[in-house]
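One structure is given below, encoded as structure tokens.
The values are calculated or read from the model by the stated rules, or taken from the named source; none is laboratory data. Just so it is clear, the structure is predicted and the values come from calculations on it, not from any experiment. We place every Cβ from the backbone using ideal geometry, glycine too, and count neighbours over all the protein chains shown. Note: accessible area is taken over every heavy atom of the protein model, side chains too, but ligands, DNA and RNA are not part of it. Shrake-Rupley method; radii C 1.70, N 1.55, O 1.52, S 1.80 Å.
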Amino acid sequence: AQSVTQLGSHVSVSEGALVLLRCNYSSSVPPYLFWYVQYPNQGLQLLLKYTSAATLVKGINGFEAEFKKSETSFHLTKPSAHMSDAAEYFCAVRPKAAGNKLTFGGGTRVLVKP
Amino acid sequence: DGGITQSPKYLFRKEGQNVTLSCEQNLNHDAMYWYRQDPGQGLRLIYYSQIVNDFQKGDIAEGYSVSREKKESFPLTVTSAQKNPTAFYLCASSLIPGQGADEQFFGPGTRLTVL
């Protein structure tokens, strides 16, 4: 079965600093990969997705993620954190051959300090 | 505007009662999903439906039931058999599964509290 691991349940960054959220997946075949963001008491919003077209994926709000097959990783970054980036972030994977069932990581909550 | 609506936003239930959470979408999506979210555990799939009048159990279906009588609607019933129902419930929808990397779109959620 697929699994997704997000290292660090909480991350604290200063405003203007780099945001780095880690995501590793377990799969022998590269899946589709997604990053979602969730603000308090709201649903999830898609930040970006990897579809195998390009290893560096740009998303909304200045976020981007790089797919590294050799490391089975899909880490999310933003060069300069903004106060509005405080939220919870989820990495998710979906096998290419098995319908549309997503498997989510446990989430990483980001705190942005002024 | 196209999107997914869930109601109510907050729901309180006494032990032993069944409650039904509503989920409606106007995105013309074929597939719909229900997830449960608990702190630190990410999202876990309860049930999903790829077509009207058909649905499948997810990873944690025990104590829940669903129906899919219309394409736009996918209500979830939390039964008294669910031992720990207090959680945040999220509904999602997507295009037909298997058609590329189509993402799931999420509703705003319903927070259920058992008193």
With the 1.4 Å probe rolled over protein heavy atoms, chain B has an accessible area per residue in Å² of 48 Å²
Carbon plus sulfur, as percent of the 1.4 Å-probe accessible area of region B:29-115, comes to 49 percent
Pick out, in residue order, every one of the trypsin sites (Lys or Arg not before Pro) in region B:1-63 that is DSSP loop and has at most 15 other C-beta atoms within 10 Å; say none if there are none.
B:Lys9, B:Lys14
Taking loop as defined by DSSP and a crowding limit of 15 other beta carbons within 10 Å, which chymotrypsin sites (Phe, Trp or Tyr not before Pro) in region B:4-75 fit?
none
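When a/c reaches 1.5 or more, the comparison of a/b and b/c decides; with that in mind, is chain A rounded, prolate or oblate per its Cα gyration tensor? Mind dumping the intermediate values first?
Details: a/c = 1.92, a/b = 1.65, b/c = 1.16.
It comes out prolate by the Cα gyration axes.
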Quote the accessible area belonging to A:Leu46 in square angstrom, nearest 10, computed with a 1.4 Å probe and with ligands, DNA and RNA left uncounted.
40 Å²
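Quick one: with all protein chains in place, what share of the accessible area of region A:8-114 is carbon or sulfur, to the nearest percent (1.4 Å probe)?
Numbers: 2590 of 4790 Å².
Solvent-exposed carbon and sulfur of region A:8-114 make up 54 percent of the total.
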Put B:Ile46, A:Ile60 in order of accessible area, largest first, 1.4 Å probe: what do you get?
A:Ile60, B:Ile46
Yeah, chain B with a ≥ b ≥ c from its alpha-carbon gyration tensor (a/c under 1.5 is rounded, else prolate when a/b outruns b/c, oblate otherwise) is prolate
Express in Å², to the nearest 10, the accessible area of B:Leu115 obtained by rolling a 1.4 Å probe over the protein heavy atoms while all chains stay in place.
120 Å²
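Where Lys and Arg each count +1 and Asp and Glu each count -1, what net charge lies around B:Leu45 among other residues with Cβ under 14 Å from its Cβ?
After counting each charged neighbour, the total is +2.
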Tell me: how much accessible area in total is hidden between A and B, 1.4 Å probe, Å², nearest 100?
1800 Å²
What is the extension gain from B:Ala61 to B:Asn84, computed as 0.36 nm multiplied by their sequence separation minus the C-alpha to C-alpha distance, in nm to one decimal?
7.0 nm
